[in-house]
Amino acid sequence: MAEIPFEHGLILASILFVIGLVGLLTRRNIVFVLMSLEIMLNACGLAFIVASARWEHAEGQVMFLMILTLAAAEVAVGLGLIIQLYRRFHTVDIDVLGEMKG
C-alpha cells in the first residue's frame with residue numbers, strides 16, 4: 001500500500017489553513033467566518049495526523065480528537081451568536097456584533 005509523503009500532507013494542511021485564514025479576514029458574513037474557522041481547525045488536525053503517522057506516535061491522533069471537541073464547542077457557541085444576531089438585527093453581518101450588549 002502506498003503512503004502519502006509527509007511533505008505533501010503538510011503542504012495540503014498549509015493550503016487549507018491559508019484558505020481558512022483568507023476567508024476569515026475577507027468575509028463579513030458570520031456564517032462564512034465560522035466555516036473558515038472550521039477549515040483552519042481541520043487543517044491543524046490534518047497536520048497533527050500527518051505528523052503522528054510519520055513518527056508513529058498516537059499523540060497526534062489524541063490532539064485531533066481534542067481539536068474535534070474544540071470545533072464542536074465553537075460551532076455551538078457560534079450558532080448561538082448567529083441566532084441572537086439574526087433575532088435582534090435581522091442580519092448576519094459581523095460588523096453588527098459590536099452593537100450587541102448584555
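The values are calculated or read from the model by the stated rules, or taken from the named source; none is laboratory data. Remember, it's a predicted structure, so these values are computed and weren't measured experimentally. When we count neighbours, we look across all protein chains shown, and the Cβ atoms used for this are built from the backbone with ideal geometry, even at glycine. The protein model used for the area step is the full one, side chains on, heavy atoms only, and it has no ligands, DNA or RNA in it. Shrake-Rupley method; radii C 1.70, N 1.55, O 1.52, S 1.80 Å.
Please name all residue pairs, on different chains or six or more residues apart, with Cβ atoms under 9 Å, provided the first residue is in region 76-102 and is of a type outside the set (Lys, Arg) and open to solvent by 60 Å² or more (accessible area, probe 1.4 Å) and the second residue is part of a loop (DSSP other than H, G, I, E, B) and modelled with pLDDT of 85 or more.
Tyr86/Val92; Asp95/Arg28
Report the residue count in region 1-23 for those that are at pLDDT below 95 and either within 15 Å of the chain's Cα centre (by Cα) or aliphatic (A, V, I, L, M) (or both).
Residues in region 1-23 being at pLDDT below 95 and either within 15 Å of the chain's Cα centre (by Cα) or aliphatic (A, V, I, L, M) (or both): 3 in total.
Among the residues of region 31-62, what is the count of those that are open to solvent by 70 Å² or more (accessible area, probe 1.4 Å), of a type outside the set (S, T, N, Q) and more than 30 Å from Leu97 (Cβ to Cβ)?
8
Of these, Ala51, Ala71, which one is over 25 Å from Glu7 (Cβ atoms) and in a helix (DSSP H, G or I)?
Unique residue meeting the criteria: Ala71.
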